[in-house]
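Below you'll find the structure, written out as structure tokens, and then a few comments.
Where a number appears in this text, it was derived from the coordinates with a stated rule and is not lab data. Every value quoted in this text rests on a predicted model; they were computed, and no experiment measured them. Quick reminder, even Gly has a Cβ in these numbers, built from the backbone with ideal geometry, and neighbours come from all protein chains shown.
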Amino acid sequence: MADKVAVVTGGGHGIGKAIVDAFRASGIEVHIIDIKPGDWFVGDVANKETLEEFAKSVIDKSSHVDYIINNALPIMRGIDECSYEEFQYALSVGVTAPFYLTKLLMPYFAESACIINIASSRDRMSQPQTESYTAAKGGISALTHAMAVSLAGKARVNSISPGWINTTDNTIDGVDATQQLVGRVGKPEDIAEMVMFLCSDKAGFITGENICIDGGMTRLMIYHGEHGWTYEDKENN
């Protein structure tokens, strides 16, 4: 992966940082944008002008792009409290920004370019009061296969849907861990390793796909009274 250039949004912390670290360990030059202050391009990907300035910075410094990782995190607000503006903001971060950044950098794609969109297992399942985040993640999952078709011959486009990934310094154990089919919650490195695989030539026949990395939780059928699961009916309690 020598002389390769990667772009990572939301790369200053959590999953994004693990992806940045994996790229750099492989000798890849990485351009980061994150809303939090740090040693990177600081800016809000929801802002059109910010994306344009960031894309110009990338090309001025590197002249081409091999990998784009759209990872910036949308806000999570539920239908009870979420305002129109907050919902629009979540979609701007989670869907519009990946589309527009890809569009800006598309003329500078290197041969065998690769785009990876970080979706979520919430693109197929939900908890109450998560509409803004869930809609954004569902949108980027669908955007993935649309871009894969449009960019055929220019770039492969895939998405990853993480489940519960522990991005804190705390240990998560007990039932939170054992309810996972693999017996633990995920680590940012679990996602970073899949990113590196999808960016490699070994994944050259994979495009338009969504890969769910969630310890098997989306495959676990849950029914009240079975296997120790219980459901509390709020209306009757």
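Some values worked out for this structure:
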quantity: Distance between the stretch 1-30 and the stretch 144-210 - C-alpha centres, whole angstrom; calculated: 15 Å
quantity: Longest DSSP-loop-exposure-free segment, GluC sites (Glu not before Pro), the chain, at most 10 other Cβ within 10 Å; calculated: 82-225
quantity: Value at 222 nm in deg cm²/dmol, rounded to 500, when DSSP H runs of n ≥ 4 in the chain each add -39,500 (n - 2.57); calculated: -10500 deg cm²/dmol
quantity: 19 Å Cα-Cα threshold exceeded, pairs from LYS56/LYS103; LYS36/LYS137; LYS103/LYS154; LYS4/LYS48; LYS4/LYS202; calculated: LYS36/LYS137; LYS4/LYS48
quantity: Read-out Rg/Rh (Cα atoms, Kirkwood Rh), derived from the coordinates shown; its label in (1) 0.94; (2) 1.06; (3) 0.99; calculated: (3)
quantity: Likely footprinting exposure, VAL58, VAL149, VAL8, fewest C-beta neighbours within 10 Å first; calculated: VAL149, VAL58, VAL8
quantity: Förster radius 22 Å - calculated FRET efficiency between ASN47 and LYS154, Cβ distance, rounded to 0.05; calculated: 0.25
quantity: Cβ-Cβ FRET estimate between HIS227 and ASP173, R0 fixed at 30 Å, reported to 0.05; calculated: 0.90
quantity: In the stretch 160-226, chymotrypsin sites (Phe, Trp or Tyr not before Pro) in a DSSP loop with at most 10 other beta-carbon atoms within 10 Å; calculated: PHE205, TYR223
quantity: Value of relative contact order over the stretch 1-136, rounded to a whole percent, pairs C-alpha under 8 Å and six or more apart; calculated: 26 percent
quantity: Cα-based convex hull volume of the stretch 1-111 per residue, rounded to whole Å³; calculated: 99 Å³
quantity: Residues CYS212, CYS114 arranged by fewest to most Cβ contacts within 10 Å; calculated: CYS212, CYS114
quantity: Span-like helix ranges in the chain, DSSP H, alpha carbon extent 20 angstrom or more, Kyte mean at least 0.0; calculated: 131-150
